[in-house]
Amino acid sequence: MSADFTQAQRDMLVAAAREAAGGAYAPYSRFHVGAALLLADGSVVTGANVENASYGLALCAETVAVAKILSGGGHGMLEAVAVAGGAPGAPGEGPTVTPCGRCRQVLNELAQLGGTDPVIWCDGGQGVLELRLSELLPHAFGPANLGPA
Ligand code: THU
């Protein structure tokens with residue numbers, strides 16, 4: 001485990017992600033995902049996936065959580081992310097859930113704003129997989145790539 005965090009912090013954030021999965025609106029996939037984002041000030045912001053009858057319009061849990069933060073005027077340092085998902089009522093019991101490609105990019109926006117490389121804890125029945133965002137999205141395109149405003 002990363003030396004930057006305690007086991008208790010990891011367990012707390014994974015538990016928050018599992019709990020958030022309970023708020024999913026996913027009647028089409030029946031795959032409930034929760035994300036929990038830990039900011040440097042200690043606050044935890046969660047999100048759950050929100051699907052749509054037009055299937056391709058689904059919002060992922062991580063994207064919902066980032067939108068909550070940025071739409072509230074926040075852009076605090078993103079230190080850690082936990083993602084959990086699975087069948088309704090059973091988050092974390094199936095295959096490991098890693099953030100989809102779009103969510104990696106969305107998380108990167110918030111991370112670059114705060115200048116962090118957050119740890120990503122991916123929950124699943126085999127245990128928690130720990131990665132850095134830079135491992136999931138190497139050579140990321142972010143605000144700095146647009147050059148001076
Ligand atoms: N999903 C997420 O919420 N996050 C991810 O990173 C992967 C996929 C959601 C989208 C869709 O509602 C369901 O999981 C099945 O793909």
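The values are calculated or read from the model by the stated rules, or taken from the named source; none is laboratory data. Computed from a predicted structure; not experimentally measured. Using ideal geometry, Cβ is built from the backbone for each residue, glycine included, and neighbour counts are taken over all protein chains shown.
A few points about this structure:
- When region 111-146 is filtered for residues that are farther than 19 Å from Ala67 by Cβ, under 15 Å from the mean Cα position of the chain (by Cα) and hydrophobic (A, V, I, L, M, F, W, C), the ones remaining, listed by number, are Val119, Trp121, Cys122, Val128, Leu129, Leu131, Leu136.
- Residue within region 132-144 that is touching a Gly at 6+ places or on another chain (Cβ under 8 Å), farther than 21 Å from Asp4 by Cα and either surrounded by 12 or more Cβ atoms within 10 Å (Cβ to Cβ) or of a type in the set (A, V, I, L, M) (or both) present: no
- Residue that is in contact (Cβ under 8 Å) with a residue 60 or more places away in the chain, on the phi < 0 side of the Ramachandran plot and in contact with a Phe, Trp or Tyr (Cβ under 9 Å, 6 or more places away or on another chain), where the choices are Ala80, Ala58: Ala80
- Scanning region 23-46 for any residue that is under 23 Å from Glu130 (Cα atoms), among the basic types (Lys, Arg) and out of contact with any Cys (no Cβ under 8 Å at 6 or more places or on another chain) turns up nothing.
- Subset of region 92-112 (residues that are near the ligand (Cβ under 10 Å from one of its atoms) and either of a type in the set (Lys, Arg) or farther than 18 Å from Glu135 by Cα (or both)): Arg102, Arg104
- Filter result (of a type outside the set (Val, Ile, Thr), within 14 Å of the ligand (Cβ to nearest atom) and surrounded by 21 or more Cβ atoms within 10 Å (Cβ to Cβ)) within region 48-91: Ala48, Asn49, Cys60, Ala61, Glu62, Ala65, Ala82, Ala84, Gly85, Gly86, Pro91
- Applying a threshold of 9 Å to beta carbon distances and a minimum spacing of six or more residues, or different chains, the list of pairs starting in region 96-118 at a residue that is assigned to a loop (DSSP other than H, G, I, E, B) and ending at one that is crowded, with 17+ Cβ neighbours inside 10 Å and at pLDDT below 95 reads Val97/Pro91.
- Scanning region 27-67 for residues that are in a helix (DSSP H, G or I) and either touching a strand residue (DSSP E or B) at 6+ places or on another chain (Cβ under 7 Å) or under 16 Å from Pro99 (Cβ atoms) (or both) returns Ala61, Glu62, Thr63, Val64, Ala65, Val66, Ala67.
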